[in-house]
1. Loop-only trypsin sites (Lys or Arg not before Pro) in the range 30-112, please: DSSP not H, G, I, E or B, and at most 11 other Cβ atoms within 10 Å.
2. Full-extension gain between Leu12 and Thr51, please, as 0.36 nm times their residue separation minus the C-alpha to C-alpha distance.
3. Could you calculate the contour length gain from Ala69 to Asp82, that is, 0.36 nm times the residue separation minus the distance between their Cα atoms, to one decimal place in nm?
4. How much of the accessible area of the chain, in percent, comes from carbon and sulfur atoms when a 1.4 Å probe is used?
5. Say the dipole of the chain comes from +1 at the beta carbon of Lys and Arg and -1 at that of Asp and Glu; which of Gly97, Thr49, Val61 then lies farthest toward its positive end?
6. Assuming R0 = 41 Å, what is the FRET efficiency of Thr26 and Arg108, from their Cβ-Cβ distance, to the nearest 0.05?
7. So what is the 222 nm mean residue ellipticity for the chain from helices alone, if each DSSP H run of at least 4 adds -39500 (n - 2.57) and you divide by all residues, rounding to the nearest 500 deg cm²/dmol?
Amino acid sequence: MRAHGAVASLELGNPLVQAALDDYHTAPIGEALRAALRFLEQLTLRPETVTPADILPLRAVGVTDQAIADAILVCGLFSIMDRLADSFDFALQTERGWRTSAEMLLKRGYRF
C-alpha cells in the first residue's frame, strides 16, 4: 500500500482499504464512495466519454457538487503527478516510509 492508501489504512483499517483497492464494486463501502470511484474510473480511463449526465448518479446518492469538483481536481492532479513521477523515474519509499508519511499527514493534515 502506498502514500494515500497508507493514510486511509491508518484511519479506516487496512482490510477495508485493501478490499476497496482490490475491487471497489464489491468492497464493503458506502454507495456515495462507490459512485465516486466509478465516476473517477471513467474519468481516468475513458475521459472522452464523460458527460454531464455522469454526475447524476453521484448526486442521487448524496455526493455534493463541491465534493464532485474536489474529486475531479484531485484526479487530474494525481494523473499529472503520476506521469511526472514515471517520466523522471522517481524512487518509491519503503512500506515503513509510507507509514511514517501517513502518520505525519494524519497528524498535520494535507497542507500546501
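1. Sites meeting the loop and neighbour criteria: Arg111.
2. Working it through step by step, the gained length comes to 10.8 nm.
3. Working it through step by step, the gained length comes to 2.7 nm.
4. Answer for the chain: carbon and sulfur cover 62 percent of the accessible area.
5. Gly97
6. After rounding to 0.05, the efficiency reads 0.75.
7. -21500 deg cm²/dmol
The values are calculated or read from the model by the stated rules, or taken from the named source; none is laboratory data. These numbers were taken from a predicted model, which means no experiment stands behind them. Backbone-built Cβ (ideal geometry, glycine too); neighbour counts: all protein chains shown. Just the protein is used for accessible areas: all its heavy atoms, side chains included, with ligands, DNA and RNA removed. Shrake-Rupley method; radii C 1.70, N 1.55, O 1.52, S 1.80 Å.
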